[in-house]
Amino acid sequence: MRPIVIAANWKMNTTPSDAGDLARTIASRTRVRGVTRVICPPFVAIAAVRDAVAGEEVEVGAQNVHHELAGAFTGEVSAPMLAGLATWVIIGHSERRAYAGETNELIGVKLDRALEGGLRPILCVGEQLADREAGRATAVVDDQLRGALEGRDSAALAACGLVIAYEPVWAIGTGRNARGADAAAMADAIRTSLRGVGWGSLADDTPVLYGGSVTSTNVDEFLSEAAIDGALGGGASLKPDEMAGIVARAGVTAAARGLAS
Ligand code: PGA
């Protein structure tokens, strides 16, 4: 049974002094059975969020991790440094692909580091608008998954709880979300890609989230799709009212799938 996951990507927002309050408020307003809640603050606010949600069933993630373990990499953070701070990590977010030049191959190496470090990866994939308009969306996402996963140990990645987030780039931060049916079709295509790189039946056990302008108003469209197992929110994830609505709706799906007992 795949878990229902609602993950909050705070991006470059919040400071150590305000992140704890925001996390505490969100935690207290999203206590819903059967939904795994993850908050991914900026690195400098991770400790504050971890402390703020101690005692709540809220998990903490990093937004990135370096592909090396240690060394002369000024300004970077490695997986061993996150021990005791985070249990999840977002890998391959489109903003990092775009602004930090992350390639599928590099993203694959980051998955190795997450695995060794006991961090549960949220691997982000998604096409550009031009790709979708040209009918290439599925091929682009398949390339991303192949580049990152081919040759890697599927059983180990599945055992550490790898989650895939389908985030069409044109939907991120634009207020223009994908259609639920299109996201569900992509979730099916993602599982086909996983089978294509040797995941076999593990593909069906892998959670696929949707991300891209998710709100409490449109999340229903995604969570009513059987192929979709949650959401990765950006802008909405900084707003307690929005998070309360999103997680409440996720709870309905969790109950319908028998996860809420
Ligand atoms: P958004 O961001 O919800 O603000 O579109 C989603 C994401 O980038 O993960």
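Of note:
- On the basis of the beta-carbon distance and an R0 of 35 Å, residue 133 and residue 2 show a calculated FRET efficiency of 0.70.
- Accessible area expressed per residue, the chain, with surrounding protein chains retained (probe 1.4 Å, Å²): 41 Å²
- Peptides 195-208, 69-82 ranked from most to least packed, by the mean per-residue count of other Cβ atoms within 10 Å: 195-208, 69-82.
- Derived scalar couplings between HN and Hα for region 130-135 equal 4, 5, 5, 5, 8, x Hz in order, rounded to whole Hz, by the Karplus curve 6.51 cos²θ - 1.76 cosθ + 1.60 (θ = phi - 60°), x for Gly and Pro.
- Cα-projected label distance for residue 54 with residue 85, points at 7 Å along beta-carbon direction, nm: 1.7 nm
- In the chain, the portion of solvent-accessible area held by carbon and sulfur atoms comes to 52 percent [1.4 Å probe, whole percent, DNA, RNA and ligands not counted].
- Using the rule -39500 (n - 2.57) for each DSSP H run of four or more residues, divided by the residues of the chain, the 222 nm mean residue ellipticity is -12000 deg cm²/dmol.
- Nonlocal amide H pairs with residue 89, under 5 Å, H built at 1.01 Å: 62, 120, 122
- Distance between the 7 Å Cα→Cβ label points at residue 153 and residue 188: 3.4 nm.
- Cα pair distances exceeding 31 angstrom across region 4-256, given as percent: 17 percent
The values are calculated or read from the model by the stated rules, or taken from the named source; none is laboratory data. Everything quoted here is computed from the prediction, not taken from an experiment. Note that we place each Cβ from the backbone using ideal geometry, even for glycine, and neighbour counts take in every protein chain shown. Side chains are part of the model used for accessible areas, which takes the heavy atoms of the whole protein and leaves out ligands, DNA and RNA. Shrake-Rupley method; radii C 1.70, N 1.55, O 1.52, S 1.80 Å.
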